[in-house]
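Engineer: Here it is, the structure, as structure tokens.
Read-outs: derived from the displayed coordinates by stated rules, not from any lab. This one's a predicted model, so the numbers in the text were calculated from it and none came from an experiment. Positions of Cβ are generated from backbone atoms using ideal geometry, with glycine treated the same way; all protein chains shown enter the neighbour counts.
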Amino acid sequence: MELRQLRYFVTVAEELHFGRAAERLNIVQPAVSQQIRRLERDLGVELFDRTPRRVRLTTDGERFLPEARATLAAAQRARESVGAGGTTIQLGTSEGLGDHLGRVLASMATLMPGLTVELEYASTRARLDRVRAGSLDATYVRGIAQSPELRLIPVWEDRIVAALPAGHPLAEQATVELAGLADLTLRLTDRTANPPLFDQVMSACHDSGFTPTLGPPSNGLQNSLALIGADATSWTPVYDSHSRVLRHPMIAFRPTRPALAITTYLAVPSSGRPPWLNPLIQASRDHDS
């Protein structure tokens with residue numbers, strides 16, 4: 001039994017989907033399936049009930065999951081006990097971090113050159129659950145100031161800008177009045193996917209005197225930008241840090257008045273203070289929003 005196999009098992013158990021688990025682990029799906037099968041052979045049990053339509057934990061898998069998480073957490077504590085040299089941390093990320101992430105990693109390379117940072121993407125809920133379980137060391141989350149058993153540390157403000165058709169008259173302005181967007185359709189992610197962003201934008205529109213006309217829920221930023229650039233009758237909010245790494249000739253990114261922003265937090269376990277935490281906080285705060 002290998003720690004790698006335990007990590008793969010926990011990830012599949014959280015996603016209940018081998019493809020999504022492989023994406024989180026940044027490896028190909030056959031490698032995940034192969035390691036899970038080896039783990040099952042070593043244990044002499046089946047951990048997952050696999051059908052063409054779904055994957056779910058067996059009774060043995062449900063019993064094994066908390067033990068696997070505890071083993072991964074213990075292994076991480078053992079690595080941390082000998083200092084930063086050779087230490088690897090798993091850091092959860094979210095969509096749209098843009099140039100924040102590159103700056104954090106560059107700062108960490110200077111502050112703790114012996115530290116390796118592995119990045120993992122998942123839904124906000126999954127990342128917070130994994131930090132609680134110990135299979136993820138820390139994660140960035142937006143607009144969530146409290147979560148059970150976790151410490152949420154504010155690290156930066158994410159300014160939100162409006163993505164407009166480049167040919168729209170408002171795109172000629174350095175800053176756009178939010179009320180000026182009232183006649184445009186708002187392409188916004190479904191609230192279940194990003195409650196802080198949805199609530200912030202809708203509340204700001206109401207405060208500016210209008211209820212926006214919502215288009216179909218966004219199924220990805222690139223798709224939304226392509227539609228906005230093509231039809232010239234809609235807009236969408238984008239994190240400024242993300243807009244700085246996007247290149248789209250048909251889109252103009254403009255700050256709004258009133259300004260929109262969401263706080264990003266670093267979520268870590270409420271107990272313990274590993275040696276990499278203070279440098280990570282410093283690296284996260286040591287750049288412009």
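Engineer: Using alpha-carbon positions, what is the distance between the centroids of segment 240-289 and segment 136-208, in Å?
Structural biologist: When both Cα centres are located, 13 Å separates them.
Engineer: Apply the Karplus parameterisation 6.51 cos²θ - 1.76 cosθ + 1.60, with θ equal to phi minus 60°, to every residue of segment 205-215 and state each ³J(HN,Hα) to the nearest whole Hz, in sequence, with x for glycine and proline.
Structural biologist: Result, rounded to whole Hz: 5, 4, 5, 8, x, 8, 9, x, 7, 8, x.
Engineer: List the residues, sorted by chain then number, that are 5 or more residues from E177 or on another chain and whose placed amide H is less than 5 Å from its amide H.
Structural biologist: It is R257, by chain and number.
Engineer: Also, quick follow-up: Could you work out how far apart the two model spin labels at R38 and A74 are, taking each label as a point 7 Å from the Cα in the direction of the beta carbon, and quote it in nm?
Structural biologist: Simple spin-label model gives 2.2 nm for this pair.
Engineer: Any idea what the relative contact order of the chain is, in percent, if you count C-alpha pairs under 8 Å spaced at least 6 apart? Intermediate values should be presented prior to the final figure.
Structural biologist: Values: 480 pairs, mean separation 67.2, N = 289.
Averaging sequence separation for qualifying contacts and normalising by length gives 23 percent for the chain.
Engineer: Counting only helical runs of four or more DSSP H residues, what would the 222 nm mean residue ellipticity of the chain come to if each run contributes -39,500 (n - 2.57) and the total is spread over all its residues?
Structural biologist: Values: 10 runs with 118 residues, N = 289.
Roughly -12500 deg cm²/dmol at 222 nm, from the helical runs in the chain.
Engineer: Taking a ≥ b ≥ c as the square roots of the eigenvalues of the Cα gyration tensor of segment 124-200, is the shape rounded (a/c under 1.5), prolate (a/b larger than b/c) or oblate?
Structural biologist: On the way: a/c = 3.37, a/b = 2.64, b/c = 1.28.
Judged from the Cα gyration tensor, segment 124-200 comes out prolate (a/c at least 1.5, a/b above b/c).
Engineer: Quick check on the chain: of the DSSP beta bridges with both residues there, what percent are antiparallel, nearest 5%? Can you show the working numbers first?
Structural biologist: Working: 26 of 39 bridges.
Beta bridges within the chain, antiparallel portion: roughly 65 percent.
Engineer: Would you mind checking the tilt of helix 59-80 against the longest principal axis of the Cα atoms of the chain, expressed as 0 to 90 degrees and rounded to 10?
Structural biologist: 80 degrees
Engineer: How big is the Kirkwood radius of segment 157-263, worked out from every pair of different alpha carbons and given in Å to one decimal? Don't skip to the answer; put the middle values down first.
Structural biologist: On the way: mean 1/r = 0.0739 Å⁻¹.
After inverting the pairwise mean of 1/r, the radius is 13.5 Å.
Engineer: In addition: Hey, with R₀ at 25 Å, roughly what FRET efficiency would I27 and T93 work out to, going by the Cβ-Cβ distance, to 0.05?
Structural biologist: Working: r = 17 Å, r/R0 = 0.66.
Efficiency, from the Cβ-Cβ distance: 0.90.
Engineer: Relative to a virtual label point 7 Å from the Cα of D60 in the Cα→beta-carbon direction, which members of segment 19-34 show backbone nitrogen distances below 18 Å?
Structural biologist: Hits in segment 19-34 for D60 at 18 Å: 33-34.
Engineer: Which net charge results when you count Lys and Arg as +1 and Asp and Glu as -1 among the other residues whose beta-carbon is under 13 Å from that of Q29? Walk me through the intermediate numbers first.
Structural biologist: Values: positive: R20, R24, R37, R50; negative: E15, E23.
For residues surrounding Q29, the net value is +2.
Engineer: Check which residues have an amide H placed less than 5 Å from L57's amide H, if you skip close sequence neighbours.
Structural biologist: Answer set, sorted by chain and number: D49.
Engineer: Can I ask one more? Taking a temperature of 37 °C and a viscosity of 0.692 mPa s, what whole-number D in µm²/s does Stokes-Einstein yield for the chain with Rh from Kirkwood over alpha carbon pairs? If you can, show how the numbers build up before the last one.
Structural biologist: Values: Rh = 20.9 Å.
Using the Kirkwood radius from Cα pairs, D works out to 157 µm²/s.
Engineer: Given Cα pairs under 8 Å that are at least 6 residues apart, what percent is the relative contact order of segment 157-263? Kindly include the intermediate steps, with their values, before the conclusion.
Structural biologist: Numbers: 189 pairs, mean separation 58.0, N = 107.
With pairs under 8 Å counted, the relative contact order is 54 percent.
Engineer: Under 8 Å for C-alpha pairs, at least 6 residues apart: give me the relative contact order for segment 10-67, rounded to a whole percent.
Structural biologist: Values: 50 pairs, mean separation 16.7, N = 58.
Reported as a whole number, the value is 29 percent.
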